[in-house]
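The values are calculated or read from the model by the stated rules, or taken from the named source; none is laboratory data. Every value quoted in this text rests on a predicted model; they were computed, and no experiment measured them. All Cβ positions, even for glycine, are placed from backbone atoms using ideal geometry, and neighbour counts span all protein chains on display. Heads up: the accessible areas ignore ligands, DNA and RNA and are worked out on the full protein's heavy atoms, side chains in. Shrake-Rupley method; radii C 1.70, N 1.55, O 1.52, S 1.80 Å.
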Amino acid sequence: MEETVEFADLLRLMDERSTAFRAAVAAAPSLDVRVPTCPEWTLFDLVQHLCEGRRRWASIVAAGPADAPPAMSAPVVPQEREALLDWFAASTRELLDALREAGPDRGCWTWWGSSQAPQTAGAVARHQLQQVAVHTYDAQVAVGAPQPLPDEVALDGVDEFLTTCVATTAAWPHKPAVVDYHATEGRSWRIWFSADGARTARLPTPVAVEGPEVAYVSARGTANELVMFCYGRIQMDALQLDGDRRVFDQLIAWEPE
């Protein structure tokens, strides 16, 4: 089993990123500030999105194993900044409390059933850390003070994204391909794409793949840059690419069911 961040550390880092998110929103001149990395949203929209997500996943984790997420009523969204940030803090506590109560191994519904990530509270904690981390970056961009993700968060973020958001049993609609991601911090990952879907694994060392039937490309950057590329916050030209970059164009456009 590949090493990932411990459950207690996921919760600690989620709390830390949540604090950084609140600080960024508090520093904005108003909640109407546009978020360049989420072009349709203002800071108000970004906070509301995270609050509703914290509450929804707290309910999902608390419900335990299920075939569908529990129904939830529409919340009353505070309009003033202080009240909105209080709601965010309460929503974060609600999620953290639900995760602590469940523990990492308890099953629950997730949308990533066909991925390589387990359907457990631990996997929810891992994904929700990345959600608040990337949206903290969004808020910081909006107020003109972007900061890279902490190394511990970014390195786990690459692994988590590939395992949860890329790996799937849905057929890859192009010719088989192999893609490598190399973090300058010394960690590498590989994804295999085929008619059987997409599977990923961490590599002990970078390994080149050659063959007439394989389209091969690699991307190198800091773990933070790789995470931001995965979530569409930076373009592929910000990374060092080697090989057939058309595979990345195909991957970006791919929307498996």
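Residue pairs whose Cβ atoms lie under 6 Å apart, sitting 6 or more positions apart in sequence or on different chains, and linking a residue in region 126-155 that is of a type in the set (Gly, Ala, Ser) to a partner that is part of a loop (DSSP other than H, G, I, E, B) and open to solvent by less than 20 Å² (accessible area, probe 1.4 Å), are Ala133/Leu149; Ala142/Val35. Confirm whether Leu95 is in contact with an Asp or Glu (Cβ under 7 Å, 6 or more places away or on another chain) and under 30 Å from Gly144 (Cα atoms). Considered against the rule, which asks whether it is in contact with an Asp or Glu (Cβ under 7 Å, 6 or more places away or on another chain) and under 30 Å from Gly144 (Cα atoms), Leu95 comes out as no.
For Ala117, indicate whether it is in contact (Cβ under 8 Å) with a residue 24 or more places away in the chain and within 16 Å of the chain's Cα centre (by Cα). Yes. Among the residues making up region 23-41, those that are open to solvent by 70 Å² or more (accessible area, probe 1.4 Å) and touching a Leu at 6+ places or on another chain (Cβ under 9 Å) are Asp32, Arg34.
May I ask you to verify whether Glu160 is under 14 Å from the mean Cα position of the chain (by Cα), acidic (Asp, Glu) and closer than 17 Å to Ile191 by Cβ? For Glu160, the condition - under 14 Å from the mean Cα position of the chain (by Cα), acidic (Asp, Glu) and closer than 17 Å to Ile191 by Cβ - is met.
I need the full set of residues from region 125-142 which are among the aliphatic types (A, V, I, L, M) and either at pLDDT below 95 or in contact with a Pro (Cβ under 6 Å, 6 or more places away or on another chain) (or both), in order please. Answer for region 125-142, where residues must be among the aliphatic types (A, V, I, L, M) and either at pLDDT below 95 or in contact with a Pro (Cβ under 6 Å, 6 or more places away or on another chain) (or both): just Val141. Exactly one residue among Thr19, Thr37 is modelled with pLDDT of 95 or more, of a type in the set (S, T, N, Q), within 16 Å of Gln131 (Cβ to Cβ) and in a loop (DSSP other than H, G, I, E, B), and that residue is Thr37.
From the list Tyr181, Tyr137, Tyr216, the lone residue that is surrounded by fewer than 20 Cβ atoms within 10 Å (Cβ to Cβ), among the aromatic types (Phe, Trp, Tyr) and not in a loop (DSSP other than H, G, I, E, B) is Tyr216.
Considering each residue of region 67-88 in turn, none proves to be part of a helix (DSSP H, G or I), of a type in the set (Gly, Ala, Ser), under 22 Å from Thr136 (Cα atoms) and open to solvent by less than 30 Å² (accessible area, probe 1.4 Å).
Could you list, in sequence order, the residues of region 111-124 that are modelled with pLDDT of 95 or more and part of a loop (DSSP other than H, G, I, E, B)? Can you show your working first?
Step one: list which residues in region 111-124 are modelled with pLDDT of 95 or more, which gives 111-112, 115-124.
Hits for region 111-124 are Trp111, Trp112, Ser115, Gln116, Ala117, Pro118, Gln119.
Inspection of region 101-110 finds a residue satisfying the criterion of being in a loop (DSSP other than H, G, I, E, B) and within 27 Å of Arg233 (Cα to Cα). Scanning region 41-57 for residues that are in a helix (DSSP H, G or I) and more than 17 Å from the chain's Cα centre (by Cα) yields Leu43, Phe44, Asp45, Gln48, Arg55. Residue pairs whose Cβ atoms lie under 8 Å apart, separated by 6 or more positions or on different chains, with the first residue in region 66-77 and closer than 16 Å to Trp111 by Cβ and the second open to solvent by 80 Å² or more (accessible area, probe 1.4 Å), are Pro69/Arg56; Met72/Arg56. Taking region 153-171 as the range and being open to solvent by 10 Å² or more (accessible area, probe 1.4 Å) and in a loop (DSSP other than H, G, I, E, B) as the test, the residues that pass are Thr169, Ala170, Ala171. The residues of region 90-114 that are surrounded by fewer than 16 Cβ atoms within 10 Å (Cβ to Cβ), in contact (Cβ under 8 Å) with a residue 24 or more places away in the chain and within 16 Å of Leu11 (Cβ to Cβ), listed by number, are Asp97, Arg100, Glu101, Gly103.
Can you tell me which residue is least open to solvent (accessible area, probe 1.4 Å) among those in region 195-210 that are among the small types (Gly, Ala, Ser) and either part of a loop (DSSP other than H, G, I, E, B) or at pLDDT below 95 (or both)?
Let us first name the residues in region 195-210 that are among the small types (Gly, Ala, Ser), namely 195, 197-198, 201, 208.
From the residues that got through so far, the ones that are either part of a loop (DSSP other than H, G, I, E, B) or at pLDDT below 95 (or both) too are 195, 201, 208.
Details: Ala195: 78, Ala201: 30, Ala208: 76 Å².
If we take residues in region 195-210 being among the small types (Gly, Ala, Ser) and either part of a loop (DSSP other than H, G, I, E, B) or at pLDDT below 95 (or both), then Ala201 is least open to solvent (accessible area, probe 1.4 Å).
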